[in-house]
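Chemist: One structure is given below, represented as structure tokens, and several questions about it will come after.
The values are calculated or read from the model by the stated rules, or taken from the named source; none is laboratory data. If you're wondering where the values come from, they're calculated on a predicted model, not measured in any experiment. Here the Cβ positions follow ideal geometry from the backbone for every residue, glycine too, while neighbour counts run over all protein chains shown.
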């Protein structure tokens, strides 16, 4: 084990002692109550089994047989979640045939950042994670289940389901993926058309045709954004079957994997031979493996929020400083868009997550003694396929010699991880460096300050940004407006960069998980709404962001400056935003996970 990996792991354990002990004690107390259905009254049980046929009721009422709760994020607007429509019936039929049972415990909301980007609804996106956690807990609160299958993939949905399931950590739990859509329009062509549209050189019809060609069928979007980062990281943490993250939807292999995970879960319930609850799987080793996988793959910066919140739900305190320390030890060994030209399907063709984990294992960067929900971590170095009889088999993963998306262990794409923690007199922030050209990792330029994306767009259209510039977009943090993704900025800033200008972004808001070509320090904390230094910066101040050293500096005396007044904007009304004021009042800072449940520190 690499010494830095070991040290960071021990640091997490040491600072989390009280919180982790309290969490495990709570889970043990729930487990000690025994099989949950055995504690229900006859009336309770009758309600729980009422809609089932007589033969199925016998399985549900028999506490020696496992009853699996399904928490589904199905809807037919999200391409990644549309395949989940028929999963519950497939799982139910399979388990009833094997003497067990399954029920849909509940559904959780599932919003798509791709649909809400640049729209008012995006201001609810981050908060949806914690709402989904609550909905997951509410779904499981009927307390009739012996294990949990989570049907969820995308940005805030899967982390939210995991946070909620961790409140029921005495139950074995697994994610059931659905897989990515096929490759459509190339990523370079997408970027070209979007920039041409931003510059006014192409029309909406051409843009819409391109977008519909890129997002064209069921499955996750093919770029390496937050949804696919969820899948890669959660597989590395042992929360799903080995090699299952990126198998295409509706394929025979995908159906076999769904069957296998469903049956496997019954073997690790209290009724099975190898009880393995989620609280045991989600230990410090799994969390650090997830952080290593995030960095080594150049994954979404959104996980600098989500993994901190997930860790807290499991009783651990993880910090941005942990991520920064790991980044010094973890090389970048994956090259998927936006870090490179190829997409997630090419990654899967190169061996997928098992090949990726094999590389990390060769570099001594994984806790191979972690306890995944299936087998051991060595099983996660194998890739699934179907034999000539259509049966599921696993074989050791091997990266093809021709692969351009998974690096050979001796020649990483970068010696450092894909995410850098930035520090300086503007506060702390996150910078995704994996997709940056070397000449764009350091930018120093005068500032233009804005409060909304629309203000930036107007300045761009007027030609006011046709110079070297650091765009500062503030009052977009979690306490202000829920930290929406600033999707409108990327075509604008990308166009300025393509014109040869030195351009960067500094913001207390978020960017899309697929962003990264534009040098940007995001999630800046303290945010402007709570009096952070970013609220004191002014037009024409000189700012430098250095993605090599991690420095974020404004060359001005901020000590005697007042904070800019909070702008009078209609962030809190319309499209349901008025219902989320309690979230804005309660949310923690970005560097503690931007959570309404946890405030950071050992408790």
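Chemist: Taking the condition touching a helix residue (DSSP H, G or I) at 6+ places or on another chain (Cβ under 6 Å), assigned by TED's automatic domain parsing to the domain that holds residue 97 and farther than 21 Å from residue 161 by Cα, does residue 325 pass? Working first, answer last.
Modeler: Working: touching a helix residue (DSSP H, G or I) at 6+ places or on another chain (Cβ under 6 Å): yes; assigned by TED's automatic domain parsing to the domain that holds residue 97: yes; farther than 21 Å from residue 161 by Cα: yes.
For residue 325, the condition - touching a helix residue (DSSP H, G or I) at 6+ places or on another chain (Cβ under 6 Å), assigned by TED's automatic domain parsing to the domain that holds residue 97 and farther than 21 Å from residue 161 by Cα - is met.
Chemist: Consider residue 505 against the criteria (1) buried (at least 24 other Cβ atoms within 10 Å of the Cβ); (2) out of contact with any strand residue (DSSP E or B) (no Cβ under 9 Å at 6 or more places or on another chain); (3) modelled with pLDDT of 95 or more: it satisfies all of them except one. Which criterion is unmet?
Modeler: All conditions pass for residue 505, except number (2).
Chemist: Okay, moving on. From (1) under 15 Å from residue 70 (Cβ atoms); (2) buried (at least 20 other Cβ atoms within 10 Å of the Cβ); (3) without any contact (Cβ under 8 Å) to a residue 40 or more places away in the chain, pick out the condition that doesn't hold for residue 138.
Modeler: Failed condition: (2).
Chemist: Could you tell me whether segment 56-76 includes any residue that is surrounded by fewer than 20 Cβ atoms within 10 Å (Cβ to Cβ), assigned by TED's automatic domain parsing to the domain that holds residue 318 and under 30 Å from residue 486 (Cβ atoms)?
Modeler: Looking through segment 56-76, at least one residue is surrounded by fewer than 20 Cβ atoms within 10 Å (Cβ to Cβ), assigned by TED's automatic domain parsing to the domain that holds residue 318 and under 30 Å from residue 486 (Cβ atoms).
Chemist: May I ask you to list the residues in segment 335-357 that are closer than 17 Å to residue 240 by Cα and assigned to a helix (DSSP H, G or I)? Steps first, answer last, please.
Modeler: First pass over segment 335-357, keeping only residues closer than 17 Å to residue 240 by Cα: 348, 351-357.
Passing the criteria: 348, 352, 353, 354, 355, 356, 357.
Chemist: Which one of these is within 19 Å of residue 523 (Cβ to Cβ), buried (at least 24 other Cβ atoms within 10 Å of the Cβ), assigned by TED's automatic domain parsing to the domain that holds residue 176 and touching a strand residue (DSSP E or B) at 6+ places or on another chain (Cβ under 9 Å): 305, 291? I'd like the intermediate steps shown before the answer.
Modeler: Values: 291 fails: touching a strand residue (DSSP E or B) at 6+ places or on another chain (Cβ under 9 Å).
Going through 305, 291 in turn, the sole match is 305.
Chemist: Looking only at segment 243-252, decide whether some residue is at pLDDT below 95, within 30 Å of residue 335 (Cα to Cα), touching a helix residue (DSSP H, G or I) at 6+ places or on another chain (Cβ under 9 Å) and surrounded by fewer than 20 Cβ atoms within 10 Å (Cβ to Cβ).
Modeler: Initially, segment 243-252 is screened for residues at pLDDT below 95, giving 250.
Among the residues that remain, those that are also within 30 Å of residue 335 (Cα to Cα) are: 250.
Now restrict to residues that are touching a helix residue (DSSP H, G or I) at 6+ places or on another chain (Cβ under 9 Å): 250.
From the residues that got through so far, the ones that are surrounded by fewer than 20 Cβ atoms within 10 Å (Cβ to Cβ) too are 250.
Yes - at least one qualifying residue is present in segment 243-252.
Chemist: Which fully enclosed helices (runs of 4 or more DSSP H) of segment 51-130 have 2 or more residues being farther than 21 Å from residue 37 by Cα? First the steps, then the outcome.
Modeler: Values: elements: 54-61, 87-97, 113-116.
Hits in segment 51-130: 87-97, 113-116.
Per-residue answers, yes or no, for (1) farther than 25 Å from residue 418 by Cβ; (2) outside the structural domain of residue 517 (by TED's automatic domain parsing); (3) surrounded by 15 or more Cβ atoms within 10 Å (Cβ to Cβ):
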{"site": "451", "(1), (2), (3)": "yes, no, yes"}
{"site": "456", "(1), (2), (3)": "yes, no, yes"}
{"site": "463", "(1), (2), (3)": "yes, no, no"}
{"site": "471", "(1), (2), (3)": "no, no, yes"}
{"site": "475", "(1), (2), (3)": "yes, no, yes"}
{"site": "480", "(1), (2), (3)": "yes, no, yes"}
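Chemist: With respect to residue 497, is the statement that it is in contact with a helix residue (DSSP H, G or I) (Cβ under 9 Å, 6 or more places away or on another chain), assigned to a helix (DSSP H, G or I), closer than 30 Å to residue 580 by Cα and in contact (Cβ under 8 Å) with a residue 12 or more places away in the chain true?
Modeler: Numbers: in contact with a helix residue (DSSP H, G or I) (Cβ under 9 Å, 6 or more places away or on another chain): yes; assigned to a helix (DSSP H, G or I): yes; closer than 30 Å to residue 580 by Cα: no; in contact (Cβ under 8 Å) with a residue 12 or more places away in the chain: yes.
It is false that residue 497 is in contact with a helix residue (DSSP H, G or I) (Cβ under 9 Å, 6 or more places away or on another chain), assigned to a helix (DSSP H, G or I), closer than 30 Å to residue 580 by Cα and in contact (Cβ under 8 Å) with a residue 12 or more places away in the chain.
Chemist: A further question on this structure: Can you pull out every residue in segment 318-330 that is surrounded by fewer than 23 Cβ atoms within 10 Å (Cβ to Cβ) and part of a loop (DSSP other than H, G, I, E, B)?
Modeler: 319 - this is the single residue of segment 318-330 that is surrounded by fewer than 23 Cβ atoms within 10 Å (Cβ to Cβ) and part of a loop (DSSP other than H, G, I, E, B).
Chemist: Can you confirm whether residue 139 is under 30 Å from residue 216 (Cα atoms) and assigned by TED's automatic domain parsing to the domain that holds residue 46? Can you show your working first?
Modeler: Numbers: under 30 Å from residue 216 (Cα atoms): no; assigned by TED's automatic domain parsing to the domain that holds residue 46: yes.
In short, no.
Chemist: Return the residue satisfying two criteria in turn: it lies in segment 361-384 and is part of a helix (DSSP H, G or I) and in contact with a helix residue (DSSP H, G or I) (Cβ under 6 Å, 6 or more places away or on another chain), and of such residues it is surrounded by the fewest Cβ atoms within 10 Å (Cβ to Cβ). Steps first, please.
Modeler: Within segment 361-384, the subset part of a helix (DSSP H, G or I) is 361-362, 377-381.
Add one more test, that the residue is in contact with a helix residue (DSSP H, G or I) (Cβ under 6 Å, 6 or more places away or on another chain), and what stays is 380-381.
Working: 380: 30, 381: 25.
In this case the residue turns out to be 381.
Chemist: Quick check: anything in segment 385-401 assigned to a loop (DSSP other than H, G, I, E, B) and under 21 Å from the mean Cα position of the chain (by Cα)?
Modeler: Of all residues in segment 385-401, those assigned to a loop (DSSP other than H, G, I, E, B) come to 387-391, 397-401.
Still in the list and also under 21 Å from the mean Cα position of the chain (by Cα): none.
The answer is no; no qualifying residue exists.
Chemist: So is residue 233 in contact with a strand residue (DSSP E or B) (Cβ under 8 Å, 6 or more places away or on another chain) and in the same structural domain as residue 70 (by TED's automatic domain parsing) or not? Show your work before the answer.
Modeler: Values: in contact with a strand residue (DSSP E or B) (Cβ under 8 Å, 6 or more places away or on another chain): no; in the same structural domain as residue 70 (by TED's automatic domain parsing): yes.
Spelling it out, it is not the case that residue 233 is in contact with a strand residue (DSSP E or B) (Cβ under 8 Å, 6 or more places away or on another chain) and in the same structural domain as residue 70 (by TED's automatic domain parsing).
Chemist: Right, here's the next one. Hey, can you tell me all the residues within segment 171-205 that are surrounded by fewer than 21 Cβ atoms within 10 Å (Cβ to Cβ) and not in a helix (DSSP H, G or I)?
Modeler: 182, 183, 184, 185, 186, 199, 200, 201, 202, 203
Chemist: Right, something else. Given the residues 299, 315, which is the only one that is on the phi > 0 side of the Ramachandran plot and either surrounded by 24 or more Cβ atoms within 10 Å (Cβ to Cβ) or modelled with pLDDT of 95 or more (or both)? Lay out the reasoning, then the answer.
Modeler: Values: 299 fails: on the phi > 0 side of the Ramachandran plot.
Of the residues listed, the single one that is on the phi > 0 side of the Ramachandran plot and either surrounded by 24 or more Cβ atoms within 10 Å (Cβ to Cβ) or modelled with pLDDT of 95 or more (or both) is 315.
Chemist: Another one. Quick one: residue 213 ticks every box in (1) touching a residue at least 12 places away in the same chain (Cβ under 8 Å); (2) surrounded by fewer than 24 Cβ atoms within 10 Å (Cβ to Cβ); (3) in a loop (DSSP other than H, G, I, E, B) bar one, so which box is it?
Modeler: Checking residue 213 against (1) touching a residue at least 12 places away in the same chain (Cβ under 8 Å); (2) surrounded by fewer than 24 Cβ atoms within 10 Å (Cβ to Cβ); (3) in a loop (DSSP other than H, G, I, E, B), the one that fails is (3).
Chemist: Let me ask something additional. Pick from 129, 92: which is buried (at least 18 other Cβ atoms within 10 Å of the Cβ) and more than 17 Å from the chain's Cα centre (by Cα)? Spell out how you get there, then give the answer.
Modeler: Working: 129 fails: more than 17 Å from the chain's Cα centre (by Cα).
The conditions single out 92.
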